Amino acid sequence: MKGITRFSNSLMEKYLPDPFLFVIILTLVIFGLGLGLTDSSPVQMVAFWGEGFWALLAFSMQMVLVLVTGFVLASSPIFKKGLGKLASLAKSPSSAIILVTLVSLAASWINWGFGLVIGALFAKELAKRVANVDYRLLIASAYSGFIIWHAGFSGSIPLSIATEGHPFVDKIGVIPTSATIFASYNLIIIAALVIIVPLLNRLMMPKKEDTITVDPKVLVDPVVEELPAKSDMTPAERLENSWVLSMIIGALGLAFIVYYFVQNGFSLTLDLVNFMFLFLGIIFHGTPRKYLIAVQEAVKGAGGIIVQFPFYAGIMGMMTASGLAGVMSEAFVSVSTADTLPLFCLPKRRTG
């Protein structure tokens, strides 16, 4: 296991490019496949690509909000304090690796933006408290929870197809989360991963002489700038630092969430999940100023989504308009049997 880990690390360090390069390469691959496997001309493929480029703007904004609202909630003081207390439970490097993996899995299942930050913050707290823990493996374990995010509350596809008016509603209808996120087969897989992933991360712990640690002093949080006295604030600054405004608007948001569940039962949509995280973040940060500072920090990590998702839409436009998607689907069907088709195609569970 340790040999495989060293080989994988070396491979990724040398050959893994930025995700933006992946989307460029994938665009060129689909363009070439469209020319080779369909009767589309180069001009037509360019048109399909450009015409589909902005088809996912609404969905892209939803994904940006998943990241931003999750990040903001995870960076609130109440969660930071809770992580510090939880980190005190780890008494050895092995327990630190297992604990950070479990926390990352749980947080990522709730929201992938939430898990992104919670895992990193918790790894930082553990590195401060646990001596001789390998910092590389600690960080990797903090992000390993990502493997279940799409099976959780922020899964883009299950939540999107559970939302009225989604792009494919005329083809598959609206599929409730009870048939996807909360389906028994999904929950069983998640339970298995919660057991397997922490154990695998524990097995990858390097020997003591190969362990790379970090000085806890470099992990100390920067000193937060103190606010001026209330008497020295301008009227605008008083509003920005008013906890009353945050609580009022937060209560309004919570009131709608309660209303929604009373009217619709426990039926999640992508918009509702973002709504919940947005208003919980407002409440937990206490004042509008603190919330906006957290938002500004969160937005820095959303650049990949903003730039890459239009390319994904362009790729989808080329595949559907050229007929390449149909060609690929028929290829899978042609090599399938009644037993292997579900594995290759992963059809949706029928409801109703």
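The values are calculated or read from the model by the stated rules, or taken from the named source; none is laboratory data. Because the structure is a prediction, the values reported are computed rather than measured. Glycine gets a Cβ as well: all are built from the backbone with ideal geometry, and neighbour counts include every protein chain shown. Side chains included, ligands, DNA and RNA excluded: accessible areas come from the protein's heavy atoms. Shrake-Rupley method; radii C 1.70, N 1.55, O 1.52, S 1.80 Å.
Among the candidates VAL262, VAL327, VAL333, which residue alone is open to solvent by 30 Å² or more (accessible area, probe 1.4 Å), modelled with pLDDT under 90 and more than 21 Å from the chain's Cα centre (by Cα)? Give the steps one after another, and end with the answer.
Working: VAL262 fails: modelled with pLDDT under 90; VAL327 fails: modelled with pLDDT under 90.
None of the others qualify; the one that does is VAL333.
I need the full set of residues from the range 167-184 which are of a type in the set (Phe, Trp, Tyr) and within 21 Å of the chain's Cα centre (by Cα), in order please. Walk me through it before giving the result.
Filtering the range 167-184 for residues of a type in the set (Phe, Trp, Tyr) gives 168, 182.
The answer is PHE182, and nothing else.
What number of residues in the range 10-38 are more than 17 Å from GLY317 (Cβ to Cβ) and of a type in the set (Val, Ile, Thr)?
1
Within the range 278-285, identify whether any single residue is at pLDDT 85 or above, over 30 Å from ALA179 (Cα atoms) and open to solvent by 50 Å² or more (accessible area, probe 1.4 Å), and answer yes or no. It would help to see each step written out before you state the result.
First, pick out the residues of the range 278-285 that are at pLDDT 85 or above: 278-285.
Next, from what is left, pick out any that are over 30 Å from ALA179 (Cα atoms): 282-285.
From what's left, open to solvent by 50 Å² or more (accessible area, probe 1.4 Å): 284.
Yes, there is a match, as at least one residue in the range 278-285 is at pLDDT 85 or above, over 30 Å from ALA179 (Cα atoms) and open to solvent by 50 Å² or more (accessible area, probe 1.4 Å).
Considering only residues that are touching a helix residue (DSSP H, G or I) at 6+ places or on another chain (Cβ under 6 Å) and part of a helix (DSSP H, G or I), look in the range 178-213 and name the one that is most open to solvent (accessible area, probe 1.4 Å).
Per the stated criteria, the residue is ARG202.
Taking VAL133 as the residue in question, decide whether it is at pLDDT 90 or above, at negative phi and open to solvent by less than 30 Å² (accessible area, probe 1.4 Å). Quick ask: steps written out before the conclusion?
Values: at pLDDT 90 or above: yes; at negative phi: yes; open to solvent by less than 30 Å² (accessible area, probe 1.4 Å): yes.
Judged against the criteria, VAL133 is a match.
Just one of ILE139, ILE97 is among the hydrophobic types (A, V, I, L, M, F, W, C) and touching a residue at least 24 places away in the same chain (Cβ under 8 Å); which is it?
Working: ILE139 fails: touching a residue at least 24 places away in the same chain (Cβ under 8 Å).
Only one candidate qualifies: ILE97.
For the range 142-166, which residues satisfy the criterion of being open to solvent by 70 Å² or more (accessible area, probe 1.4 Å) and either under 21 Å from the mean Cα position of the chain (by Cα) or basic (Lys, Arg) (or both)? If you could, list the steps in order and put the result at the bottom.
First, the residues of the range 142-166 that are open to solvent by 70 Å² or more (accessible area, probe 1.4 Å): 143, 147, 157, 164.
Hits for the range 142-166 are TYR143, ILE147, ILE157.
Given the structure, is VAL23 without any contact (Cβ under 8 Å) to a residue 40 or more places away in the chain, part of a helix (DSSP H, G or I) and surrounded by fewer than 22 Cβ atoms within 10 Å (Cβ to Cβ)?
Details: without any contact (Cβ under 8 Å) to a residue 40 or more places away in the chain: no; part of a helix (DSSP H, G or I): yes; surrounded by fewer than 22 Cβ atoms within 10 Å (Cβ to Cβ): yes.
No; evaluated as a whole, the condition is false for this residue.
How about the range 296-344: which of its residues are assigned to a loop (DSSP other than H, G, I, E, B) and polar (S, T, N, Q)? First the steps, then the outcome.
Filtering the range 296-344 for residues assigned to a loop (DSSP other than H, G, I, E, B) gives 323, 335-340.
Across the range 296-344, the qualifying residues are SER336, THR337, THR340.
Name the residues in the range 286-301 that are surrounded by 19 or more Cβ atoms within 10 Å (Cβ to Cβ) and over 15 Å from GLY253 (Cβ atoms), would you?
THR287, LYS290, ALA294, ALA298
Which count do you get for residues in the range 265-277 that are surrounded by 17 or more Cβ atoms within 10 Å (Cβ to Cβ) and among the aromatic types (Phe, Trp, Tyr)?
Looking only at that region, the number is 2.
Quick check on my filter: what residues within the range 258-277 are more than 21 Å from ALA298 (Cβ to Cβ) and in a helix (DSSP H, G or I)? If you could, list the steps in order and put the result at the bottom.
Step one: of the range 258-277, the residues more than 21 Å from ALA298 (Cβ to Cβ) are 258-269.
Within the range 258-277, VAL258, TYR259, TYR260, PHE261, VAL262, GLN263, ASN264 meet the criteria.
Could you run through the range 26-54 and say how many residues are part of a helix (DSSP H, G or I), surrounded by 11 or more Cβ atoms within 10 Å (Cβ to Cβ) and of a type outside the set (A, V, I, L, M)?
10
Could you grab me the full set of residues in the range 107-135 that are assigned to a helix (DSSP H, G or I) and more than 12 Å from the chain's Cα centre (by Cα)? Spell out how you get there, then give the answer.
At the first step, the residues of the range 107-135 found to be assigned to a helix (DSSP H, G or I) are 107-110, 112-129, 135.
Within the range 107-135, ALA120, LEU121, PHE122, ALA123, LYS124, GLU125, LEU126, ALA127, LYS128, ARG129, TYR135 meet the criteria.
Looking at (1) open to solvent by 10 Å² or more (accessible area, probe 1.4 Å); (2) closer than 19 Å to SER144 by Cα; (3) at pLDDT below 90, which is the only condition PHE79 fails?
Failing condition for PHE79: (2).
Taking LEU89 as meeting all but one of (1) over 14 Å from the mean Cα position of the chain (by Cα); (2) among the aliphatic types (A, V, I, L, M); (3) assigned to a helix (DSSP H, G or I), write down the number of the exception.
So the condition that LEU89 fails would be (3).
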